[in-house]
Amino acid sequence: MGYSIKFTNNWTQENHPFRYPTSDPHWSRFVYASHSSAYIMWQDGGTATKGIEDVAELGSISALQSEIEGQQTAGNVLDDVEGTNIGDAFQGATSTTGDNLCVDASHPYVSGISMVAPSPDWFTGVYNLPLSDESTMTWVRKIEVYVYAWDAGTEEGDDYRLNNAGTNPQGKISAFTAGDTVDAVFVSVNEDGSD
């Protein structure tokens, strides 16, 4: 079974006005892999590998691709594909994969990642997303997933500036969540108290 993947940008100054970058907001190339439960590209509360750190901090995918190749050799990853970068993060801009991502019964999960740029170590993506319905033993025909911003836990910084000090000791991967303030990067509590 093969899946095409399309990412549609909603990260804009209008949607995320607090400290939105004034220079060159964009997304790095996307990397997706289909895998078994034995492979974890990244996950909430996990520790970023060198490959995840490089994507989140630099937008570089080569170390992650090497990690994926090692997992393919071990039989934990079936396939991987790249999605195009988004050079201008306007509302509705898209990234697509040139090839379909293949899955099978032993590798029914998909994980993917792209850097939020510029940023210290922020990214978006999915992890361990099942593409089969075990109760009906069928493959999902089409799925739409809303993805959010994550902090890799590898570099300090609470705004879009680059080249901050490394987080020592390395932190855990965590989602951006609404705080108790009206203004926050990515998520804000509205004047009425809603997220």
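The values are calculated or read from the model by the stated rules, or taken from the named source; none is laboratory data. Owing to the predicted nature of the structure, the values given are computational and were not obtained by experimental measurement. Positions of Cβ are backbone-derived with ideal geometry, glycine not excepted, and every protein chain shown enters the neighbour counts. Protein only, heavy atoms only, side chains kept; ligands, DNA and RNA dropped before computing areas. Shrake-Rupley method; radii C 1.70, N 1.55, O 1.52, S 1.80 Å.
Projecting the Cα atoms of T124, L78, W11 onto the charge dipole of segment 1-125 (Cβ charges, centred on the Cα centre) puts W11 farthest toward the positive pole. Over all Cα atoms in segment 65-105, the spread is summed up by Rg and Dmax: 13.7, 40 Å. Per residue, the chain exposes 53 Å² of solvent-accessible protein surface, assessed with a 1.4 angstrom probe and all protein chains in place. First select every other residue whose beta carbon is under 13 angstrom from the beta carbon of S36; then total the charges, Lys and Arg +1, Asp and Glu -1. Residues close to S36 contribute a combined charge of -2. The candidates E14, E82, arranged from most to least accessible area with a 1.4 Å probe in the full protein assembly, appear as E14, E82.
Rounded to the nearest Hz, the phi-derived 3J(HN,Hα) couplings of segment 85-93 under the Karplus curve 6.51 cos²θ - 1.76 cosθ + 1.60 (θ = phi - 60°) are 6, 10, x, 9, 7, 8, 4, x, 4, where x marks glycine and proline. In the complete set of protein chains, residue-level accessible area for E57 is approximately 40 Å², probe 1.4 angstrom. Here is the P(r) of segment 52-132: all C-alpha pair distances, binned every 10 Å from 0, give 17, 46, 31, 6 in whole percents. Among residues other than S114 with Cβ under 11 Å from its Cβ, the summed charge is 0 (Lys and Arg +1, Asp and Glu -1).
Segment T47..A105, full-extension length gain: 18.1 nm, with 0.36 nm per residue of separation and the alpha-carbon distance subtracted. Across segment 96-110, rounded Karplus estimates of 3J(HN,Hα) from the backbone phi angles (6.51 cos²θ - 1.76 cosθ + 1.60, θ = phi - 60°) give 10, 8, x, 10, 6, 8, 8, 10, 8, 4, 8, 9, x, 9, 10 Hz, Gly and Pro being marked x. Rounded to the nearest angstrom and listed largest first, the equivalent-ellipsoid semi-axes of the chain from its Cα gyration tensor are 28, 19, 16. Ranked from largest to smallest solvent-accessible area, with a 1.4 Å probe on the protein heavy atoms, M137, M1, M115 come out as M137, M1, M115. For segment 45-182, the fraction of 1.4 Å probe accessible surface lying on carbon and sulfur atoms is 49 percent.
Backbone geometry of segment 112-128 corresponds, through the Karplus equation with coefficients 6.51, -1.76 and 1.60 at θ = phi - 60°, to 3J(HN,Hα) couplings of x, 7, 8, 6, 7, 10, x, 5, x, 7, 9, 8, 9, x, 10, 9, 6 Hz, x marking Gly and Pro. The angle between the Cα long axis of helix 62-73 and the main principal axis of the chain comes to about 20°, on a 0 to 90 degree scale. Spherically averaged projected area of the convex hull of Cα atoms, segment 24-69: 3.8 nm².
For C102, nonlocal amide neighbours, meaning residues 5 or more places apart or on other chains whose placed amide H falls under 5 Å from its own, are Y3.
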